[in-house]
Each structure stands twice: as structure tokens, then as C-alpha cells.
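Novice: Sharing a structure, written as C-alpha cells. Questions coming.
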Amino acid sequence: MIASIYTLSSGSSGNCTYIRCGDTEFLIDAGISRREIAKKLSALGTSLQAIRAIFVTHEHSDHIKGIPMVAKYDKIPIFAHKLTLSFLKEVDPSLQHPIKHPDTITLGDVSVTAFATPHDSLASCGYVITYQGKRFGYATDLGRPTDTAVDALVGCQAVILEANYDKDMLRYGSYPPFLKERIRGNYGHLDNEVAAKFAAFLAKTGTERVLLAHLSDENNTPETAYRTVSEYLQKEKLSLSLAVAARHEISELVTLEC
Ligand SMILES: [Zn+2]
Ligand SMILES: [Zn+2]
């Protein structure tokens, strides 16, 4: 059976990830319009009708923007923390499935486990997908790599990992001081250097592929994120297949036979 994972959109303007494990298809987050999701799914040879669930990380609009319309027209069950669901009041209650962090949901022969992440939202999580003995991780919007996040991602074959900002670009950039503090705080976002160390740790523990994601429009560039992480991996003599998720285009994390 084939497992494939693609980001459809990644970054502060909207996040949405498509996962297919055998016959089971689902999304993590829907922070872009329903129309955009439908267009991208069609480019991947599938459609919203095939999507069995949407797992939501947290309530920030770049993660939930498209959910009300998708729930309304496509009747897709939404799995999220009850505090996250409180931001999705327009979603029909019969489609709302509250989950805890941690919690494991089974969809066919796939398990999806939520793990708590430190972020300035009411509740925030990443996800680990387990299919045919293989594990895949999703971790964006976290202020620091907590033990919980590290433990969850250890042993994942492939990981979507946040590399939100370059420290100097943020320091000398145009954001107001309070926002800079928020981003680099313990409940903000991961910078490229921390992502590099995290990726190195994952490489040492068996991860083969990392897709850097949720890059800031203002305080990062794909080249800077890629360079910072790949140079660190080289310095540590670690090999890993590394790529950067495009902001508005489809990017592949992995496609493999399970
Ligand atoms: Zn967020
Ligand atoms: Zn975000």
C-alpha cells in the first residue's frame, strides 16, 4: 500500500496538509479556502469527497480559515481540542469531534495521535500518523522542542517540521517589538537554528526525510531555512533528505510503499 503526504499550502497565509495511507485520505488543518483545497486535491488526483477527516492543530486563522465552508458543503468530520472547536461554532455539532492532547484516533488502518505543543493559542498540538508500522510526524507552531514533541517525533520516518524564522531577519525586521517577542518566545515559533538541531536529532534517531514548513513571509526565505539546516546537518555529518515546503504550491513530504 502507498502512503503519501503533501503540504498543499504552508506558512502564515495558510496551512493545509494532505495525507493518503492506502485508501484512507485526510487533512491536517484547512487554513486556505475550500476552493483552493479542492483545486490542489484535484491536482493530486483526488477530491474533498474522498477526505474522511480533518485534524486541526489549533485555532489560529492560518490553520482553520477553510474549515467552516468545508464542513458545511463536504460534511467532513473535524477532530480538534474542545477549545479549538470553540472557534468553529458554525460547524455542525454532529461533525465536531473533541480530542485531547494526547489522544489517538483510528481511521481505517491508520492511527493519528495528537501531542501537545507549546504555542500561544488556547490549545495546540502536532500529530503523528502510524500506518503499516511506519510513522510520520507533523510539528509546526511550537515555541520550543519540548520533551513531549521530541518523544512523539522520535522514530518517525518523515517529518514536517517548522522552520519559521531566521533570528537576524526577525531582529532587524519591521515587526513591532511585542510581536518579535511573541514569535521568539517559548510559545511562539521555531527558528531555523533550533529546527536544524531538531532535524539533526531526528536524523540520528532514524528519520530519513524532513520538509521544513511554516516559513515566515517576512522573517525567512526558503534558501535561508534550507541553508541553515543543511549546513548544520553537514557539520554533524548526518544525512537526511531535506526540502522546504512552498508557501502556495504543493510540496511532497513522502510517497512510499508500506
Ligand atoms: Zn499558530
Ligand atoms: Zn500558524
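Novice: Quick one: which residue in T224, T228 is assigned to a helix (DSSP H, G or I), surrounded by fewer than 24 Cβ atoms within 10 Å (Cβ to Cβ) and in contact with a helix residue (DSSP H, G or I) (Cβ under 6 Å, 6 or more places away or on another chain)? Can you show your working first?
Specialist: Numbers: T224 fails: in contact with a helix residue (DSSP H, G or I) (Cβ under 6 Å, 6 or more places away or on another chain).
Just a single option satisfies the conditions, and that option is T228.
Novice: Looking at (1) under 25 Å from D151 (Cα atoms); (2) surrounded by 15 or more Cβ atoms within 10 Å (Cβ to Cβ); (3) touching a strand residue (DSSP E or B) at 6+ places or on another chain (Cβ under 6 Å), find the lone condition where P118 falls short.
Specialist: (3)
Novice: For region 110-139, which residues satisfy the criterion of being within 14 Å of T17 (Cα to Cα) and more than 16 Å from ligand 2 (Cβ to nearest atom)? Working first, answer last.
Specialist: Within region 110-139, the subset within 14 Å of T17 (Cα to Cα) is 112, 126-129, 136-139.
Matches in region 110-139: V112, V128, I129, F136, G137.
Novice: Have a look at L95, L83, L142 and point out the one that is within 15 Å of ligand 2 (Cβ to nearest atom) and among the aliphatic types (A, V, I, L, M). Give the derivation first.
Specialist: On the way: L95 fails: within 15 Å of ligand 2 (Cβ to nearest atom); L83 fails: within 15 Å of ligand 2 (Cβ to nearest atom).
Answer to the selection: L142.
Novice: Please go through region 82-112 and give me each residue that is buried (at least 20 other Cβ atoms within 10 Å of the Cβ) and under 22 Å from T7 (Cα atoms), ordered by number.
Specialist: Scanning region 82-112 gives T84, V110, V112.
To keep it simple, each residue is scored yes or no on (1) at pLDDT below 95; (2) among the β-branched types (V, I, T); (3) within 17 Å of V159 (Cβ to Cβ); (4) more than 15 Å from ligand 1 (Cβ to nearest atom).
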{"site": "Y73", "(1), (2), (3), (4)": "no, no, no, yes"}
{"site": "L95", "(1), (2), (3), (4)": "no, no, no, yes"}
{"site": "T113", "(1), (2), (3), (4)": "no, yes, yes, yes"}
{"site": "D120", "(1), (2), (3), (4)": "no, no, no, no"}
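Novice: Further question: With the requirement that a residue be among the hydrophobic types (A, V, I, L, M, F, W, C) and more than 16 Å from ligand 1 (Cβ to nearest atom), what does region 1-27 give you?
Specialist: Within region 1-27, the first condition is being among the hydrophobic types (A, V, I, L, M, F, W, C), and the residues that meet it are 1-3, 5, 8, 16, 19, 21, 26-27.
Within region 1-27, M1, I2, A3, I5, L8, I19, C21, F26, L27 qualify.
Novice: Does T57 qualify as being under 28 Å from F201 (Cβ atoms) and within 16 Å of ligand 2 (Cβ to nearest atom)?
Specialist: Numbers: under 28 Å from F201 (Cβ atoms): yes; within 16 Å of ligand 2 (Cβ to nearest atom): yes.
In short, yes.
Novice: Taking the residues in region 28-69 that are more than 16 Å from ligand 1 (Cβ to nearest atom) and crowded, with 24+ Cβ neighbours inside 10 Å as candidates, determine which candidate is nearest to L8 (Cα to Cα). It would help to see each step written out before you state the result.
Specialist: Residues of region 28-69 more than 16 Å from ligand 1 (Cβ to nearest atom): 33-54, 68-69.
Narrowing the set further to residues that are crowded, with 24+ Cβ neighbours inside 10 Å leaves 37, 54.
Details: I37: 7, I54: 14 Å.
Out of the qualifying residues, it is I37.
The values are calculated or read from the model by the stated rules, or taken from the named source; none is laboratory data. None of these values were measured; they are calculated from a predicted model. With ideal geometry, Cβ positions are generated from the backbone for all residues, glycine too; neighbour counts draw on all protein chains shown.
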